[in-house]
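Have a look at the structure below before the remarks.
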Amino acid sequence: MAVQLLARLAEIIARDDEDALWATAEAVRSAEQADRVSLALFSEKRFTIVAHAGRGLLGRDATLLLATSTHFTTAAAGRAYVTDDFDRQPEFTRPVDQLVVNSGFRSGCSVPMWVGDTPVGALSVSCADDRVPAADRLSRLEGVAAMLAAHLRRAPGRDRSWVVVCSERALLAHGVARLLEADGIGARVATSRDETAALLAGEDDVSLVISEPYFAGRPADHLMQQVRRRYPAVQLAVLSEYRDDEVRAQAAAMGGFLLGARPHDVRTQVRDLLAGRRPPADPVLPSASAAAVHLTRREKDVLVALDRGLSVRLAARALGISDATVKGYLRSLFEKLGVHSRTEALHRARMLGLLDSAIAVRADL
């Protein structure tokens, strides 16, 4: 069977098309009578699933820390992992291990794939029973791993450029990420400065960073300066539903681009940027004027408190009112400004010149 499998894999690999890895995973799964086969790539302290076959577990492009999986931690150290009963292995308690067990898998093994002296990935096989001793598979899988190693390094995803989407609005950030992933573009989401720093520290192939005009209470250019220091060649883009002079100037100051807010615009413009093409100029959308937005004295006080970075409780204490009253003013501010978050409220108020006047009114806060 081993010779037949290797011959079949050689035929699949020779096609060198986008589906080769998926066909390879299915061929191994079928030959080994396994319930799940995964092919993973290693990158520093992470692994990425590049192909799989059989029962569901981690999907394509799922990227996690190696430390979350005993299978891949062991393979990354250059050793095979094999067991006929996951439950009897005291070390098999990492987060992905628990997912494996909870998904009904009982036995399995992982084999490192080598290029020279470096494990570049792993072939992992999991079963819901122990009809075939896992150890019996090792010699066959080692031969398969040796054949796949060089091809795995060239696989789609190995040289993938990631896009990082920065927004405190988690729904927006994940929505943009899912749009990009639908086009085969790898995307990561950061909803805070700490998440952004951790994410950039763990990725060496970031190609594009997208941020809202204001992120974590500060203009996006503060974030982008940090990005530039780590990734001098990375492309930068501002995502905003507004098209006023301030947002355009901010994007220009960052040396970046202004993306449209409609799904089609985002997908098209990001594809252009990643392909080295400059996106077409976006249409100018009308924006409200300051005269059309009237804020009460208390609403301006709360706006200044937001700008000072005060929490609801601290703002209430500074203004001598209750937390509930501050929240009421916040809801009124959001409605008048047509926004959904504090960051958006500050950004919109700055654009309309309302924040400057509010600060002048309440400079003692």
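Report every pair of residues separated by at least 6 positions or lying on different chains whose Cβ atoms are under 8 Å apart, first residue within the range 64-78 and within 18 Å of SER126 (Cα to Cα), second aromatic (Phe, Trp, Tyr) and in a helix (DSSP H, G or I).
LEU66/PHE72
Is the range 96-103 home to any residue that is modelled with pLDDT under 90 and not aromatic (Phe, Trp, Tyr)?
There is no residue in the range 96-103 that is modelled with pLDDT under 90 and not aromatic (Phe, Trp, Tyr).
Within the range 23-62, can you find the residues that are of a type outside the set (A, V, I, L, M), modelled with pLDDT of 85 or more and under 23 Å from TRP162 (Cβ atoms)?
Hits for the range 23-62 are SER38, PHE42, ARG46, PHE47, THR48, HIS52.
Give the residue, chosen from VAL125, VAL144, VAL189, VAL115, that is surrounded by 18 or more Cβ atoms within 10 Å (Cβ to Cβ), closer than 30 Å to PRO232 by Cα, modelled with pLDDT of 75 or more and touching a Leu at 6+ places or on another chain (Cβ under 9 Å).
Testing whether each residue is surrounded by 18 or more Cβ atoms within 10 Å (Cβ to Cβ), closer than 30 Å to PRO232 by Cα, modelled with pLDDT of 75 or more and touching a Leu at 6+ places or on another chain (Cβ under 9 Å) leaves just VAL189.
Does the range 3-13 contain at least one residue that is surrounded by 17 or more Cβ atoms within 10 Å (Cβ to Cβ), without any contact (Cβ under 8 Å) to a residue 60 or more places away in the chain and not assigned by TED's automatic domain parsing to the domain that holds LEU180?
Checked against the condition, which is being surrounded by 17 or more Cβ atoms within 10 Å (Cβ to Cβ), without any contact (Cβ under 8 Å) to a residue 60 or more places away in the chain and not assigned by TED's automatic domain parsing to the domain that holds LEU180, the range 3-13 yields at least one hit.
How about the range 300-321: which of its residues are more than 34 Å from the chain's Cα centre (by Cα), aliphatic (A, V, I, L, M) and not in a helix (DSSP H, G or I)?
ILE321, the sole residue that qualifies.
Can you confirm whether the range 77-85 contains a residue that is crowded, with 21+ Cβ neighbours inside 10 Å and in a helix (DSSP H, G or I)?
Checked the range 77-85: no residue is crowded, with 21+ Cβ neighbours inside 10 Å and in a helix (DSSP H, G or I).
The values are calculated or read from the model by the stated rules, or taken from the named source; none is laboratory data. Since we're looking at a predicted model, the values are computed, not measured. Glycine gets a Cβ as well: all are built from the backbone with ideal geometry, and neighbour counts include every protein chain shown.
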